[in-house]
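Every read-out reported here was derived from the displayed coordinates using simple, explicitly stated rules and does not represent laboratory data. Keep in mind that what you see is a predicted model, and the values were worked out from it rather than measured. Note that we place each Cβ from the backbone using ideal geometry, even for glycine, and neighbour counts take in every protein chain shown.
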């Protein structure tokens, strides 16, 4: 089955700097890669996703890149702000899997220092 | 709010007792999932459902059972609660665009 590894587990950056979180996956059939943000005590919320027919996707200050050959994908946050502080999870799901279940990475705690 | 609610929000129970958590959706989505969240492990899939009375196991299904008798309700039962099942439990529904919407979670403590 699919296995997703996420690094780093914690990341501290200065406000205004960029942050990068990386994930690798094991199942070459995986083709959907979402990212979720979870603030303290809240539910995870989808912030951006990418499908395997696309190499990069941007939404304002966040972007996701996908390298299918190397089986890894990354989340990039530019011009970080204190409100970006949260736990971020990557996930992967295979099109051929009719359950559409997501396998999640272990999470990255991002701290943006004012 | 997000069309998905979980109950109860918090529960403390004793070892060996059965516990049922409820997930209710108003979106009429076919797919529903139960995850548990523990520090260092992210979100791990317990069970999922792909329709009324259609369910299957996830990564960490031992000690858990589920039922879905109506599209809108997905129940998770801990048959005999153990301390290792102390966790935060999230239910999720899958939208038409593949994205999940999560419920607010249930914090379960087994003493």
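Summary value for the range A:12-59: 27 percent relative contact order, contacts being C-alpha pairs under 8 angstrom separated by 6+ residues. Percent of alpha carbon pairs in the range A:53-108 separated by more than 17 Å? Above the 17 Å cut-off, the range A:53-108 has 51 percent of its Cα pairs. Taking all Cα-Cα distances within chain A, those exceeding 26 Å account for 15%. Under conditions of 4 °C and 1.567 mPa s, the range B:1-92 yields 97 µm² s⁻¹ as its translational diffusion coefficient, taking Rh as the Kirkwood radius over Cα pairs in the Stokes-Einstein equation. Length gained on full extension, residue A:45 to residue A:78, computed as 0.36 nm times the residue gap minus the Cα-Cα distance: 10.0 nm.
Name the residue, out of A:40, A:102, A:75, whose mean-square fluctuation peaks in a Gaussian network model built on chain A with Cα pairs under 10 Å. Comparing A:40, A:102, A:75 in a Gaussian network model of chain A, the most mobile one is A:40. Largest mean-square fluctuation among A:80, A:69, A:24, in a Gaussian network model of chain A whose springs join Cα atoms under 10 Å apart, belongs to A:69.
Annotation: for a label point projected 7 angstrom from Cα along Cα→Cβ of residue B:38, residues of the range B:63-92 with backbone N closer than 20 Å are B:63-66, B:76-92. Stokes-Einstein, applied to the Kirkwood radius of the protein assembly as shown over Cα pairs at a viscosity of 1.002 mPa s and 20 °C, places its translational diffusion at 119 µm² s⁻¹.
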